[in-house]
Structure formats: C-alpha cells, structure tokens
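Each remark here refers to the structure printed beneath this line.
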Amino acid sequence: MTERYDLHCHSTASDGALSPTALVQRAHQNGVTALALTDHDTTMGLAEAHVCADALGMRLIDGIELSTSWQNKCLHIVGLGIDPYYAPLANATHELQATRLERAAKIAEKLEKKHITGAFEAVKKAAGQGMITRSHFADFLLSQFHVSTQQEAFDRYLGKGKPAFVATTWADMEIAIHWITEAGGVAVLAHPLRYKLTANWMKRLLAAFKDAGGQSMEVVTGRNNVDEIKLLATYANQFALAGSVGSDFHSPVTPWVELGRLAPLPDNIQPVWELLN
Ligand code: AMP
Ligand code: MN
Ligand code: MN
Ligand code: MN
C-alpha cells in the first residue's frame with residue numbers, strides 16, 4: 001500500500017480547532033494513512049490521538065513543533081518519531097508552558113493599554129490544559145469585534161513590532177534539535193519560507209541546522225506553490241536534508257489548508273519517512 005503522509009498539524013492541545021480525536025478522524029477521511037500530530041511545544045494530545053488512530057488502523061507518528069530562537073529569530077522545529085516521555089524534552093515542554101503563560105499575561109497587559117480588557121482570562125479559558133498561543137488572542141480579538149480576521153489581529157496587534165507583541169526567548173535552536181534527536185526523533189525545519197529570510201540567511205540557517213543534527217526540512221507544505229517547492233527542494237539537496245511534507249492544518253475554517261491535501265514530494269528528494277522507524 002502506498003502511504004499518504006501528513007507530518008505537520010495542530011489539535012486543541014495547542015492552537016488547533018479540532019480535538020486530537022476529531023483531527024485524526026478528519027485526516028483518515030481525507031485518505032491520510034500516516035499522520036504526525038505536531039502541536040506547539042506540547043505532546044499532550046498524542047495519547048488521545050493514538051487511541052483514535054489505533055481504532056481506525058491508521059499510523060500516528062509522535063510529533064511536536066518546538067518554538068526556538070536562533071540569531072534573534074523565532075524558528076519552528078518539528079520533531080518526528082520522538083519519545084514524548086524522554087525527560088529533557090518533557091521537562092522542556094513544561095517550562096515552555098510556563099513561558100507561554102507569562103507571555104500571555106504580558107500580551108494581555110499590552111492590550112489593556114489599548115483599552116482591550118479581559119484577554120488573559122479569555123485565552124486561559126480557551127486554551128484549557130493546552131498551550132496558550134497568539135492564535136488564542138487573535139480569536140479573542142475577533143470575538144470582541146476588535147478585528148474582522150485573524151490576519152488583522154496579527155497585523156494590528158500581535159505581530160512582531162505591533163503594540164501587543166512580546167519578544168520571547170524560546171528554546172535555543174541547537175538545544176531543541178538535541179532534545180528531539182536524543183528523544184529518538186528526526187528534527188525537521190518547519191515551513192522554511194515563512195521566516196522571510198534572504199538567500200544568504202537561509203543558507204546560514206540550513207548550515208547551522210544541519211550542524212546541530214537537523215536531518216530534514218519541509219519541502220511541501222499546505223501553502224507552498226510549485227515554484228516554492230522547487231526552491232525548497234534545491235535547498236534540501238544542497239544541504240543533504242531529507243524532505244518532509246506537512247499541511248500545518250489548524251482549523252476547518254481555513255479550507256485552503258486541509259489535512260492530507262499536499263503536493264507530492266519531488267522525486268529527487270529523500271523522504272523523511274525513510275528516517276523514521
Ligand atoms: P505563537 O507560537 O504563540 O507565537 O503563535 C503563533 C501561531 O499564530 C502560529 O502557529 C500560527 O498558527 C498563528 N499565526 C502566526 N502568524 C499569523 C498570521 N500572520 N496570521 C494568522 N495566524 C498567524
Ligand atoms: Mn499555530
Ligand atoms: Mn509553525
Ligand atoms: Mn505548525
């Protein structure tokens with residue numbers, strides 16, 4: 001049987017709209033046979049996702065998307081095939097949860113200066129046991145009619161340099177890669193074109209990522225077009241990185257990004273699944 005992979009998506013354990021169960025069901029309906037759940041900085045959704053995947057006879061790969069810092073930039077590193085109970089990684093997720101809670105309090109304070117009240121309580125309630133993210137703030141701003149789209153919430157309040165932006169020091173990228181590899185996983189640079197790097201910076205990043213033990217980069221995502229995929233494939237070959245495919249699905253309300261709806265990985269790229277046990 002040919003597998004159909006989607007190796008990047010989010011559940012209510014972070015900023016996804018669907019519970020792990022609903023997410024796995026939707027992926028299965030879309031024909032995905034191997035799914036990695038990669039919530040922001042947490043593995044909390046994996047246990048529930050496994051129960052559902054087992055019932056459906058679908059392969060679920062244990063994943064995470066770590067927020068990391070490198071050269072003053074925030075970069076996302078996906079870990080695939082990790083042991084979620086590996087202590088340094090598990091400890092890091094607990095610290096990141098505290099970091100995110102403190103950051104949320106600061107974001108809410110900044111919003112109060114803009115006469116927007118009640119954000120902290122609202123995002124805590126919305127996130128529940130899961131990770132609080134800026135998406136929760138965007139949803140709150142939307143629900144209170146301060147903005148009319150999620151994008152506008154980032155453009156006016158939450159994005160870098162905007163009034164409610166809080167600079168955060170995340171896990172060091174090299175250390176995060178070590179946690180992933182020591183946890184038995186493969187470190188994958190997520191959505192490399194999202195960081196708006198020049199070609200020079202991209203090459204510096206890929207060299208540093210590779211040096212630190214990174215083995216793969218996303219070559220096909222839910223948002224990239226044919227030219228972008230070609231460019232990413234060139235980088236993957238240049239730095240001898242395996243290629244990953246992941247929709248980065250968050251919610252059914254953005255139908256242009258859908259679980260399992262992904263272009264094929266270019267032939268000349270080593271698939272990341274060959275590195276997964
Ligand atoms: P955080 O990790 O808390 O900084 O939140 C980042 C999340 O916000 C990302 O994973 C996206 O889901 C979402 N996000 C970031 N930038 C934007 C944007 N410009 N428009 C919509 N959502 C965004
Ligand atoms: Mn997100
Ligand atoms: Mn990301
Ligand atoms: Mn993501």
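The values are calculated or read from the model by the stated rules, or taken from the named source; none is laboratory data. Quantities reported herein were computed from a predicted structural model and do not represent experimental measurements. Ideal geometry is used to build each Cβ from the backbone, glycine not excepted, and the neighbour counts take in all protein chains shown. The area values use the complete protein model at the heavy-atom level, side chains included, leaving out ligands, DNA and RNA. Shrake-Rupley method; radii C 1.70, N 1.55, O 1.52, S 1.80 Å.
Here are the numbers for the structure shown:
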read-out	value
Calculated diffusion of the stretch 93-158, Stokes-Einstein form, Kirkwood radius summed over Cα pairs, 4 °C and 1.567 mPa s, µm²/s	110
Bins of 10 Å from zero: percent of alpha-carbon pairs in the stretch 116-275	10, 30, 33, 22, 5, 0
Percentage relative contact order, the chain, counting C-alpha pairs under 8 Å, at least six apart	21
Radius of gyration and Dmax over the Cα atoms of the stretch 203-246, both given in Å	10.2, 29
Heavy-atom accessible surface of the stretch 151-258: percent carbon and sulfur, 1.4 Å	54
Residue 101-residue 73 FRET efficiency (beta carbon distance; Förster radius 25 Å; 0.05 resolution)	0.65
Using alpha-carbon coordinates, inclination of helix 20-29 to the longest axis of the chain, degrees	50
Directionally averaged projected area (convex hull, Cα atoms, the chain), nm²	13.6
Rounded to 10°, Cα long-axis angle of helix 46-56 versus longest principal axis of the chain	50
Accessible area in square angstrom per residue, the chain, 1.4 angstrom probe	46
Residues of the stretch 57-87 with amide N under 18 Å of a point placed 7 Å along Cα→Cβ from residue 168	64-79
Proximal charge balance of residue 85 [Cβ under 14 Å; K/R count +1, D/E count -1]	-3
Radius of gyration and maximum dimension Dmax of the stretch 222-277, Cα, Å	12.4, 37
Label point distance in nm, residue 129-residue 204, each placed 7 Å from Cα along Cα→Cβ	4.2
For the chain, built as a Gaussian network whose Cα springs stay under 10 Å, the top-fluctuating residue of 134, 100, 156	156
Longest exposed-site-free window of the chain, the sites being chymotrypsin sites (Phe, Trp or Tyr not before Pro) in a DSSP loop that have at most 10 other C-beta atoms within 10 Å	146-255
Kirkwood Rh and Cα Rg combined as Rg/Rh, the stretch 58-175	1.01
